[in-house]
1. Straight-line reach from LYS16: which aspartates and glutamates have a Cα under 17 Å away, not including same-chain ones fewer than 8 places off?
2. Roughly speaking, to the nearest percent, how much of the stretch 44-113's 1.4 Å accessible area is carbon and sulfur?
3. List the GluC sites (Glu not before Pro) in the stretch 115-205 that DSSP assigns to loop (not H, G, I, E or B) and whose Cβ has at most 10 other Cβ atoms within 10 Å. Which are they?
4. Measure up LYS76/LYS154; LYS131/LYS180; LYS76/LYS101 against 32 Å on the Cα-Cα distance and list the ones that go over.
5. Heavy atoms of the protein only, probe of 1.4 Å, neighbouring chains included. What is the accessible area of PHE113 in Å², nearest 10?
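The values are calculated or read from the model by the stated rules, or taken from the named source; none is laboratory data. Treat the numbers as computed from the prediction; the structure is a model and nothing was measured. Cβ sites come from the backbone with ideal geometry, for glycine too, and all protein chains shown count toward neighbours. What goes into the accessible areas is simple: the full protein's heavy atoms, side chains included, and nothing from ligands, DNA or RNA. Shrake-Rupley method; radii C 1.70, N 1.55, O 1.52, S 1.80 Å.
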Amino acid sequence: MCLTTKVYAHEGVYLKTSIGLNYIPKQNIKDNKLVGNLTLKQKFPVIGLGVGYQTEGLWRVEMALDYYFLFTQTEKSMIDDLNYNVNINTKISDLMINIYKGFELSDKTSVFFGGGVGVSSIQDDTTGYFKFDDESYQVLEPTKGKHVYRYAYKLTCGIDYELKESITGEISYNFYKLGKNKSHLNIIQHSFNNHNLTLGVRFGL
């Protein structure tokens, strides 16, 4: 779930800022070498900054940068006879070009649909251990994953309401696909697909 603030004019250039929470589903993993899962231990906030333009026909085009605060996943997996327990701390940000189309419901209210494409930046840090059996284990050396860039996109639908001249509030649901990154074992990849609900305000420049 995400809380967002946005800024825009009824028609013309606008500035956008955002803050919120996201949800990433649990991922199950199974192949010839590894069986396990990735679980998000805690929801993580995201902040954003962007600028855009709106036309009289309620089309909006914007460029936005989103920064996701550090979040942690736990990976429990088995390779051969070894049980791995790993904490994965991930930093993600994305830069997107978004396009929305609005449809008036009343003088002050409209619904809008759209999405965006861009690039995400992903980096993992990992710590953990693996068990030989119930009584013996070995701590894994902490590792820093490669800083990778991935193709990203999002889909959006929402509703907005004019609070007063040049100030409009909105609420929207967003689905983000931010790409994949390999786990510390360098065998499987985990995907960063998240959902958020945004609340916002747009102010004109």
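1. Once the sequence-local aspartates and glutamates are set aside, what remains near LYS16 is GLU62, ASP66, ASP94, ASP160, GLU162, GLU165, GLU170.
2. That share works out to 64 percent.
3. The qualifying sites are GLU135, GLU165.
4. Checking Cα-Cα distances, LYS76/LYS101 exceed 32 Å.
5. PHE113 has an accessible surface of roughly 110 Å² with all protein chains in place.
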